[in-house]
Amino acid sequence: MTPLTVGFLVMGPLSGYLSDRLGSRGLATTGMVIMAAAFMMLTLLPANFSYPVFTTQILILGLGMGIVSAPNTTAIMNAVPAEYCGVSSGMIATFRNIASTLSITVIFSLVTVGLAAHLPGTLLGRLTVAGIPRDAATAASHLPPAALADVAAVVSFLRGGRVVHEHDAVGNAEGLAELAGPEIAVLEAERAD
């Protein structure tokens with residue numbers, strides 16, 4: 001998220017300066033168009049994207065946000081009588097904070113619902129194809145995502161960073177089930193309580 005912040009920090013003050021000289025409408029529109037383009041580029045980003053491409057797209061999004069912020073605030077503040085500027089400023093801050101909180105809540109709710117609906121079946125299928133015994137695969141596929149991350153971390157740690165080969169004791173299905181079994185048992189016991 002650093003590129004987003006950098007883009008905002010670069011364009012925010014410059015946009016404020018320009019909006020005082022040129023007016024807010026053109027800059028706000030330009031910033032929204034840049035943000036829309038950046039979101040479209042992020043939507044088209046493949047699953048195996050390269051980090052520099054992603055960083056560039058996030059930077060462009062931050063630049064667009066920086067361009068919009070100052071002219072938008074200026075337009076709002078100029079639209080209210082002088083005696084209500086303090087109230088208007090407080091409402092701007094309140095609505096920005098509420099929107100930020102709600103957007104994070106909504107996106108993580110959507111991700112959680114999507115994971116809950118599709119992860120168990122997909123994980124069960126992939127673990128079974130990989131040769132994990134059906135019982136262990138079923139137990140692992142019904143764990144919450146955080147528990148799956150714990151299992152993956154334990155298996156990765158115990159593997160010692162080695163490349164998994166077909167003849168590696170940890171790499172074969174029995175070795176993986178043996179390593180993950182105790183972790184799965186502990187997590188199932190905690191969930192049963």
Under a point spin-label approximation (7 Å from Cα along Cα-to-Cβ), what is the V6-T29 distance to one decimal in nm? 3.1
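Please state, rounded to one decimal and in Å, the Kirkwood hydrodynamic radius that region 9-113 gives when every pair of distinct Cα atoms enters the mean of 1/r. Intermediate values should be presented prior to the final figure.
On the way: mean 1/r = 0.0645 Å⁻¹.
Its Kirkwood hydrodynamic radius stands at 15.5 Å.
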Difference of contour (0.36 nm per residue) and Cα-Cα distance, A153 to C85: 19.2 nm
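Note the full-extension length gain between N48 and T138 as 0.36 nm times their separation in residues minus their Cα-Cα distance, in nm to one decimal.
Numbers: separation 90, 0.36 × 90 = 32.40 nm, distance 2.79 nm.
Answer, rounded to one decimal: 29.6 nm.
Laboratory data are not the source of any read-out in this text; all were calculated from the coordinates shown. The model shown is predicted, which means the values in this text are computed figures rather than measured ones. For neighbour counting, all protein chains shown are included, and Cβ atoms are generated from backbone atoms with ideal geometry for every residue, glycine included.
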